[in-house]
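Written out below as structure tokens is the structure these notes cover.
The values are calculated or read from the model by the stated rules, or taken from the named source; none is laboratory data. Everything quoted here is computed from the prediction, not taken from an experiment. FYI the Cβ positions are ideal-geometry reconstructions off the backbone, even for glycines, and counts take in every protein chain you see. The accessibility values were calculated without ligands, DNA or RNA, using every heavy atom of the protein model including side chains. Shrake-Rupley method; radii C 1.70, N 1.55, O 1.52, S 1.80 Å.
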Amino acid sequence: MEAFLDFFFGEFLVTGQPLIYGAMVSIALGSITVIAVLTYFKAWGWLWREYITSVDHKKIGIMYIIAAIVMFVRGGIDAMMMRIQTSLPGMTFLDSQHYNEIFTTHGTIMIIFMAMPFLIGLMNFAVPLQIGARDVAFPFFNNLSFWSFAFGLALFNISFIIGGSPDAGWTNYAPMAGAELNPGPAINYYLLGLQLSGIGTLGTGINFIVTILKMRAPGITMMRLPIFTWSTLITALIIVFAFPILTVALALMTLDRIFGAKLFTLAGEGMPMMWANLFWLWGHPEVYIVILPAFGIFSEVISTFARKQLFGYKAMVYAMVIIALLSFLVWVHHFFTMGAGGGVNSFFSITTMLIAVPTGVKIFNWLGTMYRGRITFETPMLWALAFIPNFVIGGVTGVMLAMAAADYQYHNTYFLVAHFHYVLIAGTVFGCFSGLIFWYPKMFGHKLNEKLGKIFFWLFMIGFNVCFLPMYFLGFAGMPRRTYTIEPEWMPLSLTATAGAFMMAAGFAVFVYSIYYSFRYAERETQGDSWGVGRTLDWATATPIPFYNFATLPEFDSKDAYVGMKDKGETTYDKSKVEEIHMPSNSGLPFFMMLALFIASFGLVWEWFWMAIPGLIMFFIVMGIRSFDYNEGFHVSTKEIHEIEQAARGEDSK
Amino acid sequence: MSSHSESRFPIKHLIGYIASIVLTGAAAWIALGTELPMGWIVAGIMALAIIQAGIQLFMFMHITETDSGGIQLGNMIYAFGIAGIIVLGSIWVMSFGYHDHGTDGGGSETEEHGGDH
Ligand code: HEM
Ligand SMILES: [Cu+2]
């Protein structure tokens, strides 16, 4: 008993940190509140039926986005703590170990559990609508992908109260992350959390490739696809080719840490830098996975609010295809300083600079789209407009980093930190905000308040520049990345950065408030084309979108499908053409499958095989049950379709 | 799923299955049961592996039977390209001498593992 208590309080629970006790208390209170609210409103059954087991791509998309926003808050709190610690010399807010854990979880969460799921959520929501499909190609698998992501997220996040967080950076370099230098469960959380959620990402990639290739409505040819759908297709392709590399790398390091292999170790024949090599073989394509969909969103938003067809559609598509190819040819720029030699470094310098070319082409496409457009400045458009100059700053400093010789100076300084936040925030995060606000009325039946949205935009955008612009100069002044104390001479700029971070936090708080405010007071949407200027099929549906999306579809003969429909007076509800619709049934199996893998992974994290093996067996049992599941879905009667459409469109719609 | 509607005897599958077993056995024999030099062994099992992959694609994965052959072909070429980049690229990038145990490494131009193993 005593031994157990020693283990429980000594190793299992993380103890001795006031901040962590605070976090534990707030997590406990938060969970109690959620459980109480759900029980009070008798909402458990509703949650299970309508969301957890749902195979509806719209609901799955919304669940992804909610998870991503929660993770943005968690990663954001990490960021604020880092900025507080580095605001003044001699701060003792965080000790060095705690600081290491926080930049590691911040980076990992922001990339894997915030940026990617946010974009995947928007893809899930919008892509089937844009191509006139009733769902994705494999709806059951889509739900399974979500739960694999969600349980991976849970596994990664519990590390900070149970067992301790990983602390070797989001890049998790060997030998620092190996068993010799880093014993205990922390790094295992990283390995298995990412492994588990990676299954879902790969699944999403496959699902969207098939959906886009096979499920397009008649007349929507490849060269008429909305550009966001194109960007999703290219992203899915990169996912399918890049994620297996991560899977293998994670598995190899798991072998090292849990089963005593010596692949990345210093001892034996291990090659620690092979980890860096494999990590970035996946890692660079990964950054395109989180930027291309954002490009797609900006293209949609800009052409919508400029009321013009996208300028240079074909160039846009080819640029993305070329970026997808090149993204596999640049990975060494992340470790030029390894010293692979002049030949290797020159090659990767040049390929890296080449990527700037198609990206530049896209910038001119956006500018060309706006040229002579009748632009209005709704909030999604504001984010898209702010993206262009801010992203260019990130891109130009990226080209500076691409020069191998110069990189020996910039490497691992705040210059780099500034660069990647300029591309990740001004690109990915602005894109997520833009897309969320853009499609929000289709998701929830009301817009977000425009005025609060503008306050949010200005606070966040200015705060972002105040926070990250000084970091370029801190880098020049020699401030290394991942350092937990600062020298006095860095104080003025570093303190400025912290002030900027607080502005961003304030902006985000306004956003969260606007969700509540708009839920209470915003006008409800009565028609499908929320902004009045929609161009693609997603805007042709009624609001709220019927669960089967489209009752009927016309033949399409041009790009910007909905523009053509509006001209011809067509809708997605042609009374005379309505037929029964076949839809897939919900299923609780994916939840249990991934719960089983979660248990198995948690067991592996602690090297408890008595737990890991039964978890794995449970997983196979649920898979077995699935293979005897002959549910063929259900049919929606024409009567029901008429009722739903008429309720959504007003009685006398034709 | 229902595209396997041909109810005939699955002769293709049977041939594929037997061929795979034979090829796998041959590879094991070359590697374990012969005294050939290392280079020959590697070349031999690589050649068998490529034949094996072809059998999988034609006998089991129906690559000739779909109407989207172009997509399949493009996809496979792309996949081989990426696989090549990963393998050859990694070898090129990582043979910079650091793992030459015993010297201080770090940028010297020697080949990996300096030849003694
Ligand atoms: C919201 C405001 C944000 C602030 C104030 C912020 C702040 C920081 C700071 C100060 C560091 C460097 C810590 C150090 O090296 O000592 C950092 C690292 C990092 N951030 Fe952020 N960040 C923010 C948002 C984001 C977002 C949105 C992403 C990704 C989508 C992101 C991804 C990363 C990554 C990958 C690292 C590297 C972690 C590592 O060194 O392992 N950050 N962030
Ligand atoms: Cu890169």
- prompt: Restricting attention to the range A:265-322, which GluC sites (Glu not before Pro) occupy a DSSP loop and are surrounded by at most 16 other Cβ atoms within 10 Å?
  reply: A:E269
- request: Taking the Cβ of A:A306 as the centre, find all other residues whose Cβ is under 14 Å away and add up their charges (Lys, Arg: +1; Asp, Glu: -1).
  value: +2
- request: Within the range A:337-444, report the chymotrypsin sites (Phe, Trp or Tyr not before Pro) that DSSP leaves as loop and that have at most 16 other Cβ atoms within 10 Å.
  value: A:Y371, A:F377
task: List the chymotrypsin sites (Phe, Trp or Tyr not before Pro) within the range A:563-654 that fall in a DSSP loop (any state other than H, G, I, E or B) and whose Cβ has at most 15 other Cβ atoms within 10 Å.
output: A:W608, A:F628, A:Y630
- prompt: Whose amide H sits under 5 Å from the amide H of A:T413, counting only residues 5 or more places off or on another chain, with H placed in the peptide plane?
  reply: A:R481
query: So how do A:522-529, A:354-361 stack up, highest first, on mean other-Cβ count within 10 Å?
result: A:354-361, A:522-529
field: Between A and B, accessible area buried - total, square angstrom, nearest 100, 1.4 angstrom probe
entry: 2000
field: Cross-link reach list, lysines versus A:K639, counting only Cα pairs under 20 Å and skipping chain neighbours closer than eight places
entry: A:K575, A:K577, A:K654
task: State the answer as a single residue: which of A:V330, A:F298, A:L250 lies farthest towards the positive end of the charge dipole of the range A:220-368, with beta carbon charges of +1 for Lys and Arg and -1 for Asp and Glu, about the Cα centre.
output: A:F298
query: So which of A:K58/A:K362; A:K42/A:K447; A:K308/A:K362 end up more than 19 Å apart by C-alpha?
result: A:K58/A:K362; A:K42/A:K447
query: Which net charge results when you count Lys and Arg as +1 and Asp and Glu as -1 among the other residues whose beta-carbon is under 14 Å from that of A:G633?
result: -4
message: In whole Hz and in residue order, list the ³J(HN,Hα) couplings for the range A:384-390 that follow from phi through the Karplus curve 6.51 cos²θ - 1.76 cosθ + 1.60, θ = phi - 60°; x for Gly and Pro.
response: 5, 5, 5, 4, 4, x, 5
query: At 222 nm, what helix-only mean residue ellipticity would the protein assembly as shown give, in deg cm²/dmol to the nearest 500, using -39500 (n - 2.57) for each DSSP H run of four or more?
result: -21500 deg cm²/dmol
message: Using amide H atoms built in the peptide plane, which far-off residues or other-chain residues are under 5 Å from A:I581 H to H?
response: A:V636
query: Taking only Cα atoms, what is the 0 to 90° angle, nearest 10, from helix A:186-214's long axis to the longest principal axis of chain A?
result: 30
Placed amide H near A:H446: partners under 5 Å, 5+ positions off or other chain: A:E525
- prompt: To the nearest Å, what is the center-to-center distance of the range A:601-654 and the range A:264-290, using C-alpha atoms only?
  reply: 35
message: If I fit a long axis through the Cα atoms of helix A:450-476 and take the longest principal axis of the Cα atoms of chain A, what angle between them do I get, 0 to 90°, rounded to 10?
response: 30
statement: Highest mean packing first, using Cβ neighbours within 10 angstrom, the peptides A:509-521, A:237-249, B:38-50, A:94-106 sort as A:237-249, A:94-106, A:509-521, B:38-50
Between 0 and 90°, nearest 10: helix A:18-40 axis offset from chain A longest Cα axis: 30
message: Quick check for you: with a 1.4 Å probe and neighbouring chains kept, what is the accessible area per residue of the protein assembly as shown, in Å²?
response: 44
